[in-house]
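Visitor: Structure below; questions to follow.
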Amino acid sequence: IGTTTEYLATRGNFVTYYDLPGVLLDFAKWRFQRLNGYQQNIYIYTNTLITSSMYDRVVAIDVLEHIHPDEFDNTCDWLAGMLKPGGILFAHNYFLAAGEKFPSHFPHQDRWAKFIERHGFTERGEYEWVKPEGAAA
């Protein structure tokens with residue numbers, strides 16, 4: 001709903017907000033219009049996938065556990081492809097909450113570990129991984 005985007009933009013960062021069309025995107029756009037001069041720091045992107053490695057940092061907070069298993073590997077590979085070599089992937093994942101209580105969550109923890117290894121990311125912090133400097137852009 002744009003909370004992280006708003007936080008980053010109002011602290012001088014240029015942010016690309018990616019979301020699917022619908023109520024949540026509409027709400028985020030409404031929030032961004034109220035930022036008194038920081039709107040120019042936000043680029044809203046929908047529908048089409050970004051395909052170039054142009055970002056210093058990709059942030060996915062409580063997102064990846066909602067990705068269907070058939071789309072998980074491609075989605076994570078896409079995230080890695082958006083990062084510049086040496087870029088940081090910040091991802092807070094709640095995979096372990098999958099099940100009856102959280103039916104929209106999938107237990108991707110093993111696939112996540114394989115993704116990190118496959119792309120050669122190194123862990124920088126609890127939720128941060130660094131793309132290798134020599135990785136293809």
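Visitor: What does the accessible area of Thr16 come to, in Å² to the nearest 10, when a probe of 1.4 Å is used?
Guide: 40 Å²
Visitor: At a 1.4 Å probe radius, which order do His105, His68, His119 fall into by accessible area, largest first?
Guide: His68, His119, His105
Visitor: Taking all protein chains together and a probe of 1.4 Å, list Val15, Val59 from the most accessible to the least accessible.
Guide: Val59, Val15
Visitor: Restricting the count to DSSP beta bridges whose residues both fall in the chain, what percent are antiparallel, rounded to a multiple of 5?
Guide: Restricted to the chain, the bridges split so that about 35 percent are antiparallel.
Visitor: Roughly how many whole Å is it from the C-alpha centroid of region 43-82 to that of region 1-41?
Guide: Answer, in whole Å: 17.
Visitor: What does the net charge come to around Asn74 if you take all other residues with beta carbon closer than 13 Å to its beta carbon, with K and R at +1 and D and E at -1?
Guide: -2
Visitor: Sticking with this structure for a sec: Counting Lys +1, Arg +1, Asp -1, Glu -1, what net charge surrounds His105 among other residues with beta carbon under 12 Å of its beta carbon?
Guide: -2
Visitor: GNM on the chain, C-alpha springs below 10 Å: top fluctuator among Leu89, Leu35, Leu79?
Guide: Taking springs between Cα atoms under 10 Å, the residue moving most is Leu35.
Visitor: Heavy-atom accessible area of Tyr127 with all protein chains present, probe 1.4 Å, nearest 10 Å²?
Guide: Approximately 80 Å² of Tyr127 is accessible to the 1.4 Å probe.
The values are calculated or read from the model by the stated rules, or taken from the named source; none is laboratory data. In this text the structure is predicted, and so the values were computed from the model without any measurement. Here Cβ is always computed from backbone atoms with ideal geometry, including for glycine, and neighbour counts include all displayed protein chains. Protein only, heavy atoms only, side chains kept; ligands, DNA and RNA dropped before computing areas. Shrake-Rupley method; radii C 1.70, N 1.55, O 1.52, S 1.80 Å.
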